[in-house]
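What follows is a single structure, written as structure tokens, with notes after it.
The values are calculated or read from the model by the stated rules, or taken from the named source; none is laboratory data. Note that this is a predicted model, so its numbers are computed, not measured. FYI the Cβ positions are ideal-geometry reconstructions off the backbone, even for glycines, and counts take in every protein chain you see.
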Amino acid sequence: MSASRRIIGVDESGKGDFFGPLVVAALLADDAQTTELTKIGARDSKKIANGRLLEIDTELRRIFPHAVVVISPEEYNDRYEQIRNLNKLLAAGHVRAIELVLLKSEAEIAISDKFGKTELIETAMRERGHTLPLQQLVRGEAIPQVAAASVLARAAFIRQMQELSRLIGVRLPLGAARQVDEAGRRVVATHGVGILRKIAKMHFKNYSRVVNPRLDL
């Protein structure tokens, strides 16, 4: 890669979590700045403790052009019911994050952590009129710009989860395992089943187990 190229890294968070939003983030830096990204602490966000993650996020957002797209659970559910395809929804989020960064600064290429068929983002880019070259990589967090974007996305997701937990009065766990179902049942017992549309992704199997506990038997 040419050190002179300005690269937008893109990544997401919340895709595998029943509770909370879907978040896509993008960050721009040239390759001459990759040492600085690494020094700040940009790496695969799943390997960083939450407290440290939020500190790194603050520093990255202070220095680099970036964008964070938060798709709330309610918006997520509305859009998923229309298109019935998570990867298409993700592709739209990636393109939106990229174009928001491009409003702030020019770039030569965007690099995304690969999540599905390559043509999904490419098609979404063309439909939005973008000609920026796009590269999609498995384990894209090896690219510092993508790692930085993963930090921004994860930090935004964590903050959103903390706020939802505060508003609901129940600590909402991450992921989609059994403790998530248990938390969902506590929420429904207090607020009614309708609240799930505002805090959770309803096409997950967790939804059926939460509203019909007998499925766990």
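Overview of values
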{"read-out": "Cross-chain or 6+ apart pairs with Cβ under 8 Å, region 28-45 first and on the phi < 0 side of the Ramachandran plot, then assigned to a helix (DSSP H, G or I) and modelled with pLDDT under 95", "value": "ARG43/GLU141; ASP44/GLU141; SER45/GLU141"}
{"read-out": "Odd one out for THR38 among (1) over 21 Å from ILE199 (Cβ atoms); (2) among the hydroxyl-bearing types (Ser, Thr, Tyr); (3) surrounded by 15 or more Cβ atoms within 10 Å (Cβ to Cβ)", "value": "(3)"}
{"read-out": "Region 183-212, residues that are at pLDDT below 95 and outside any helix (DSSP H, G or I)", "value": "ASN212"}
{"read-out": "Residue list for region 133-166, restricted to those being assigned to a helix (DSSP H, G or I) and at pLDDT below 95", "value": "GLY140, GLU141, ALA142"}
{"read-out": "Among residues of region 94-119, those that are crowded, with 20+ Cβ neighbours inside 10 Å and in contact with a helix residue (DSSP H, G or I) (Cβ under 9 Å, 6 or more places away or on another chain), counted", "value": "9"}
{"read-out": "Helices (runs of 4 or more DSSP H) completely within region 46-123 that count 3 or more residues being out of contact with any Gly (no Cβ under 8 Å at 6 or more places or on another chain), among the hydrophobic types (A, V, I, L, M, F, W, C) and under 24 Å from LYS201 (Cβ atoms)", "value": "86-102"}
{"read-out": "Criterion: within 23 Å of GLY20 (Cβ to Cβ) and within 15 Å of the chain's Cα centre (by Cα) - qualifying residue of GLY192, GLY93, GLY169, GLY184", "value": "GLY93"}
{"read-out": "Selected residue [under 13 Å from the mean Cα position of the chain (by Cα) and in contact (Cβ under 8 Å) with a residue 40 or more places away in the chain] from GLU74, GLU12, GLU106", "value": "GLU12"}
